[in-house]
Amino acid sequence: MLTLGIDTSNYATSLAVFSKDTGEVVCDIKKFLPVKEGQTGLRQSDALFHHIAALPEMLRELSAKADLTQVGCVGVSTRPRPVDGSYMPCFLAGVNAAAAFAAARKIPVVSTSHQQGHIAAALYATGNKALMDGPVLVFHVSGGTTDLLYCPSLDHIECVGTSGDLYAGQAVDRLGVKLGYPFPAGQYVSQLAESCTDKIRPKVSVKGTRCSLSGLENQCNKLLDQGKSREYVCRYCLLAIGETLFKMASAALEEYPGTPVVFAGGVMSSSVIAQYVKERLPQAYFVPGRFSSDNAIGVSIMAARSFL
Ligand SMILES: [Fe+2]
């Protein structure tokens, strides 16, 4: 049996097909929502419109890659997090498409959240099947979150650390947009950072498992004003995030010793951050960008796991 995953976040429209029988991803496709030059995000009404406009063609594309008549269950993210009050209209586009597909085929819909989809995809991508059953510490670091989550299981997620102000992805995107790159600018910041080899010791603000990242934006602006190269400032920004996450993880590991730490979310596709953290935290798992940035793979896995 196949499961179909649908995720319509504030950044991308994503579809995936997972085989419950082989435990493999059959195919997945993603389309970033268009953001106007110089802007750092979308209004919810615009995000919803772009999802609705993109889904028909994307479903046709998916049907060319997988036999959708074999889909026995549809997984969909209906909200950002699995907590009361968590709501974002952009997810309604996915809910709509999932309901239509499932009703036509008389198959069940598994409603889950964007956060659980991220976690499931990241745990799957580690290749360590035992992690899917927890316990595990997961960093979800993107433009909309800098959360450290303790997951005894995929259905039980406890936020044990976060940022008190700016999210890591916001700090990266604001720097990238300031340098003239289109939003989301993470890949450009990461590329520039990779070409800098300077030894950098970033200053960070972390108390236990809580961090503050608003100072990082100011530090980057100051470094640019001082005439530091774009490459240097991009590397500084990413290493500061790496050091922040390392300190947060170290604090969490005092409470949950020996727990594996998995890094997920768009910001975690940066090889500069991955290298920095892995050198200091041996039990860290970083996963490829396909499974780390927004995707519907995790949602399709959640649908398959509902049959376990
Ligand atoms: Fe996301």
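The values are calculated or read from the model by the stated rules, or taken from the named source; none is laboratory data. For clarity, every value in this text was computed on a predicted model and none was experimentally measured. Neighbour counts are summed over all protein chains in view; Cβ atoms, including those assigned to glycine, are modelled from backbone coordinates with ideal geometry.
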Legend entry - Hits in the stretch 201-218 - residues which are crowded, with 16+ Cβ neighbours inside 10 Å and either under 16 Å from the mean Cα position of the chain (by Cα) or within 16 Å of Arg235 (Cβ to Cβ) (or both): Pro202, Val204, Leu216, Glu217
Legend entry - strands (runs of 3 or more DSSP E) wholly inside the stretch 107-201 that include at least 1 residues being aromatic (Phe, Trp, Tyr): 136-141, 146-153
Legend entry - the stretch 260-308 - residue that is surrounded by fewer than 17 Cβ atoms within 10 Å (Cβ to Cβ) and polar (S, T, N, Q) and, of those, nearest to the ligand (Cβ to nearest atom): Ser271
Inset, instruction - Identify the single condition in (1) within 16 Å of the ligand (Cβ to nearest atom); (2) not in a loop (DSSP other than H, G, I, E, B) that Ala103 does not satisfy, given that it satisfies every other one. - result: (1)
Legend entry - Residue ID - nearest to His140 (Cα to Cα), chosen from residues in the stretch 106-122 that are more than 12 Å from the ligand (Cβ to nearest atom) and among the small types (Gly, Ala, Ser): Ala120
Legend entry - Phe246 being assigned by TED's automatic domain parsing to the domain that holds Glu158, within 16 Å of the ligand (Cβ to nearest atom), among the aromatic types (Phe, Trp, Tyr) and at negative phi: no
